[in-house]
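Have a look at the structure below before the remarks.
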Amino acid sequence: MDREDVFRAIRRSFTVDVTGVGYPNRDGTSRQDAIGRCREGDDIQLAREPDNPHDPNAIAVLRQNGEQLGYVPADSENLDLEALAQYMDWGLAVHASICRMWKGHTASGCDIEINRDATAEEAENERITAMIKKARAMEEESPEQATRLYRDATRAIVELDNRGPYGKWCRQAKIPVGRWSMLLEKHKQLRGCLKLLRWYERYQDHVGIYKATRGAIEKRKARVGKKLTGG
């Protein structure tokens, strides 16, 4: 799997149950005893076992003192184990903690939450989203600054889209064409408003905008066009 496939396969945060909790460890210690000493919220370690004879993608689940609780499951709907194993083999960090303790008929166990760090593309999408949120909050108090933020966010979106398929996949922020064009019209920047709306019509926006926003900007384009032509 290449880098982009691995990051696509592993969500930023996911939960899995620890498997193999009913078996003893290789050193003869009891996983059930180790689980009995765990509490929800405990940080845990994940350790790769590339030489595991049953599965070269095996990832052991350990307490902070090294006691083994079991393994990350190979057949979880929430996880591609091969992708996580390759991610760890690259030396990239994952963080894990116990999110739920449970008791079954024959054994006790736990669920763990696993988190990985954001990629540069994911972090950029989060930065853009925060920028748009900040602009929205400033529209009344400082419309000029809000306009600049919408412009900068849109430029950042285009740059992220241009990073390739993975950049596009990471980009979830919507182009703020509705709010930005509304501000431009409201403050009589009609030519800039029309230029923005025409640009958006041409742009291949794979994320898209809300249906109501699209209807609003179509009406705005017609209205602004009439004002500029004296119609």
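The values are calculated or read from the model by the stated rules, or taken from the named source; none is laboratory data. The structure presented is a predicted model; accordingly, all values stated were derived computationally and were not measured. Cβ placement follows ideal geometry from the backbone for every residue including glycine, while neighbour counts extend to all protein chains displayed.
On the stretch given as the stretch 49-80, residues that are modelled with pLDDT of 95 or more, touching a strand residue (DSSP E or B) at 6+ places or on another chain (Cβ under 9 Å) and crowded, with 16+ Cβ neighbours inside 10 Å total 13.
Applying the condition of being more than 15 Å from V18 (Cα to Cα) and of a type in the set (G, A, S) to the stretch 64-97 and asking which residue is farthest from the chain's Cα centre (by Cα) yields G66. Regarding R116, is this residue basic (K, R) and either at pLDDT below 95 or closer than 29 Å to V72 by Cα (or both)? Considered against the rule, which asks whether it is basic (K, R) and either at pLDDT below 95 or closer than 29 Å to V72 by Cα (or both), R116 comes out as yes.
Quick check, is E124 in the same structural domain as R179 (by TED's automatic domain parsing), in contact (Cβ under 8 Å) with a residue 12 or more places away in the chain and acidic (D, E)? Against the criterion (in the same structural domain as R179 (by TED's automatic domain parsing), in contact (Cβ under 8 Å) with a residue 12 or more places away in the chain and acidic (D, E)), E124 qualifies. In the stretch 107-139, which residues are under 14 Å from the mean Cα position of the chain (by Cα) and under 30 Å from G22 (Cβ atoms)? Correct list: I114, N115, R116. For the stretch 108-164, enumerate the residues that are in contact with a Phe, Trp or Tyr (Cβ under 8 Å, 6 or more places away or on another chain) and under 15 Å from M182 (Cβ atoms). Within the stretch 108-164, I132, A135, T147, Y150, R151, T154 qualify.
Evaluate the stretch 105-117: report whether one residue or more is touching a strand residue (DSSP E or B) at 6+ places or on another chain (Cβ under 6 Å), of a type in the set (S, T, Y) and either surrounded by 14 or more Cβ atoms within 10 Å (Cβ to Cβ) or touching a residue at least 40 places away in the same chain (Cβ under 8 Å) (or both). Steps first, answer last, please.
Going residue by residue through the stretch 105-117, those that are touching a strand residue (DSSP E or B) at 6+ places or on another chain (Cβ under 6 Å) are 109-116.
With of a type in the set (S, T, Y) added as a condition, the list becomes none.
No, that holds for no residue.
Among all residues of the stretch 169-191, there is at least one that is assigned to a loop (DSSP other than H, G, I, E, B), within 30 Å of V6 (Cβ to Cβ) and of a type in the set (S, T, N, Q).
For the stretch 81-121, filtering for residues that are under 30 Å from N162 (Cα atoms) and among the small types (G, A, S) leaves 6. Determine whether the stretch 200-223 contains at least one residue that is assigned to a helix (DSSP H, G or I), of a type outside the set (K, R) and in contact with a Lys or Arg (Cβ under 6 Å, 6 or more places away or on another chain). No - not one qualifying residue is present in the stretch 200-223.
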